[in-house]
Amino acid sequence: SATAHSTVRPSRAQGKGRSVVAAALAPNLPTNSDYGQPSSSEAPPSAPVRRKVSARDFRHPLDQQNTQLLQAIPGLSNLTKALVTPLAEQMLILEQLSTSILVGPKQLPHIHQLVLDAAEVLDIPPPSLYIRQSSQPNAYTLAISGREPVVVVHTALIELMTEAELQAVLAHEMGHLKCDHGVWLTVANLLTLGVEISPFTPSFLVGNLQDNLMRWVRAAELSCDRAALLVAGDPKVVVSVLMKLSGGCPKLAGQLNVDAFLDQARGYDEASNSPLGWYLRNAQTRQLTHPLPVARAREIDEWSRSAEFLALGVTPAPTPSGITDGLSGIEV
């Protein structure tokens, strides 16, 4: 059976393995070999010819269906404008600049490279990445009209993931940008973060919007899990992310078993495969912002073996260097 550290492909670099946090906080800037690149004395390898990826290549059918339903809601455009005002946009930008760390070539360049590589696979401009101190392992995207998109990752998530898994999380967030989830995703995140809708908006419209928006967000997440797979190239990396977000912690991260988690996902499908089970399953997920982790794991595992995915022939991102088992620190 495969453990969590076996979900990550072998590093191309031959240097000593490092955890995500160790690599990010190392006092010396990474060298070319840290990124699996040749030294100046070696001939550079030819760059892979990448197939251009479009959103329709990986958009989940439920995403497409619920997007059309959301577009049909009367008054949605006006409500969106009421929430995402120029003042709200400026507040969001200032909030990240004042309380988070902006990643870039001079700030945590190793993590910045993960962003660049993932953006190249998905064929989008790299977004700004902010790292925010929080005990909750989370990541979210703010796509504001006319501004560079922002991805925010919490420190607890970085501590939990290997570099390949962290890049899969970043690719998931970039999937929202590739699929042009845009302003609706920002509205959903604003509501999740506790922003109140204007009291002048009719309550029935607010309730209808929130129900439909949450249904759309859950469907959109399935598309973005597929974007993560395109970048990672290995479904077990994506499933490992979902497993760790379900019940992982730094102390146990290296002992978790991806195959056992997939068996658990299939068991959940069997247990809910009845009229009563279907009802309880829908009641369980109705107000969630994400599909259940076991359902997402089963979805991405099945898509990774589908003819649709195999026909894409997308070249994944270079394997992040220095991947380590989160518990033992052994390079894998």
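Worth pointing out:
- Any hit, segment 262-272, residues being within 23 Å of HIS181 (Cα to Cα) and not hydroxyl-bearing (Ser, Thr, Tyr): no
- Elements of the type helices (runs of 4 or more DSSP H) sitting completely within segment 68-141 and holding at least 2 residues that are among the β-branched types (Val, Ile, Thr) and modelled with pLDDT of 95 or more: these cover 109-122.
- Number of the condition not met by GLU148 [criteria: (1) charged (D, E, K, R); (2) open to solvent by 30 Å² or more (accessible area, probe 1.4 Å); (3) at pLDDT 95 or above]: (3)
- Scanning segment 264-278 for residues that are over 23 Å from LYS244 (Cα atoms) and open to solvent by 100 Å² or more (accessible area, probe 1.4 Å) gives ASN273, PRO275, LEU276, TRP278.
- Given (1) modelled with pLDDT under 95; (2) open to solvent by less than 10 Å² (accessible area, probe 1.4 Å), index of the condition ALA168 fails: (1)
The values are calculated or read from the model by the stated rules, or taken from the named source; none is laboratory data. Note that the structure is a prediction, hence the values are computed from the model and not measured. Areas reflect the complete protein model, heavy atoms only, side chains present, ligands, DNA and RNA absent. Shrake-Rupley method; radii C 1.70, N 1.55, O 1.52, S 1.80 Å.
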